[in-house]
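The next block holds one structure in the form of C-alpha cells; read it before the comments.
The values are calculated or read from the model by the stated rules, or taken from the named source; none is laboratory data. Only a predicted model underlies this, so the values are computations on that prediction, with no experimental measurement involved. Cβ placement follows ideal geometry from the backbone for every residue including glycine, while neighbour counts extend to all protein chains displayed. SASA here: full protein model, heavy atoms, side chains in, ligands and nucleic acids out. Shrake-Rupley method; radii C 1.70, N 1.55, O 1.52, S 1.80 Å.
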Amino acid sequence: MNLKKPAFIMFDYGQTLIKEGQYNGADGFDLLLRFASSNPLGVTGEILQSESERLNAELGRFNPATRHLRLTEMPEECFNRWLFTKYGIEFPSGTDLRSLEFPFWQKANPCEACEGIGDLLTFLKGENIRTGVVSNLSFCGDTLRRRIYDAIPEADFAFVISSCDYLFRKPSRHIFEAALAKAGVAADQVWFCGDQFIPDIQGSSSVGMTPVWYKGNLRYDSECEMTDGIEIYHWNELTELIMSLD
C-alpha cells in the first residue's frame, strides 16, 4: 500500500476516541426526572428504560447483528418527546429536549478517553493535519462535541458530525460525502479511523478514503479481515506511521 501523509484524519466516536462503560438508561432517566415540572403518573427511570427497550426492539434499533443495515438515523429528541408525552411528563417552559441529552448520557454511560488519543491529537495539530469526527449517533452533534471535549480537552476538531443531524448513518456514502465537503479535501487525502468494520472501514473505503481500523477497544467484527488499509491497536502506532511518511 503506497501511503502518503494525510491532509485530514476523521475519527469515529465510540470505542475509537472514547471508551464507554456499562450503559444504564434507568439511571439517566432518573436524573432527567429531577428536572421535570410534572410527572403525574409517578413513573421512574426504570419504567422509562423498560418502555424504551420495548420500542427499540420493535423498531430494530441497536441490534448488533443488523446495525450496519440501518442507513438512516432516529434523533433521540424525537424518541424522548414521544416517551415523555406518553407518560405525561413535562419540563419547565422553554426546555429544549436536546439540552437534556448531555446530562442523561453522562449519567447513563460513564466514559473515558481511549489510551493515547490525546497525545495523537496534539501531534496531529502540530503537523497541521486537521481532524474531524463522524459518528452514528442519535444524540445531536452539539451533545457529542460536549461529550468528546469533556473527556479530551486537548481536542480541536474542525467539525463533529452526528448522524442525528445529517439523516444518514455509516456506511452510507452520503454521510461520508458530507464530511468530505466540510473538510474541503479530496477523499484520497483523508484517513478515516474507526473500530467497526462495515460502518467505518468499508464505508470510508467506498468513497476513496484510506481506512484505519483501530482495534484497541474492539467489541465487534473480530472475525473480519482487512485486505486494504491500516490496522492498529494503539494510537501511538499511528503517530509512528505518520512520522515515517513524506
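Of the strands (runs of 3 or more DSSP E) contained entirely in the stretch 156-246, those carrying at least 2 residues that are among the aliphatic types (A, V, I, L, M) fall at 159-162, 230-232. Cβ-Cβ contacts under 9 Å between residues 6 or more apart (or on different chains), taken from a first residue in the stretch 174-197 that is on the phi > 0 side of the Ramachandran plot to a second residue that is open to solvent by less than 30 Å² (accessible area, probe 1.4 Å), are listed as G184/F8. Taking G94 and the conditions (1) at negative phi; (2) out of contact with any Pro (no Cβ under 8 Å at 6 or more places or on another chain), which numbered condition does it fall short on, given that it satisfies the others? Result: G94 fails condition (1) only.
One line per residue, one yes/no per condition, for (1) surrounded by 15 or more Cβ atoms within 10 Å (Cβ to Cβ); (2) more than 30 Å from A158 (Cα to Cα); (3) modelled with pLDDT of 95 or more:
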{"position": "A7", "(1), (2), (3)": "yes, no, yes"}
{"position": "L69", "(1), (2), (3)": "no, no, no"}
{"position": "E77", "(1), (2), (3)": "yes, no, yes"}
{"position": "D96", "(1), (2), (3)": "no, no, yes"}
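Residues that are surrounded by fewer than 18 Cβ atoms within 10 Å (Cβ to Cβ) and of a type in the set (V, I, T) within the stretch 106-130 comprise T122, I129, listed in sequence order. Pairing residues of the stretch 120-137 that are farther than 23 Å from A186 by Cβ with residues that are part of a helix (DSSP H, G or I) and modelled with pLDDT under 95, at Cβ distances under 9 Å and at least 6 apart in sequence or on separate chains, gives N136/R67.
Looking at Y220, is it among the aromatic types (F, W, Y), modelled with pLDDT of 95 or more and closer than 26 Å to E20 by Cβ? Judged against the criteria, Y220 is not a match.
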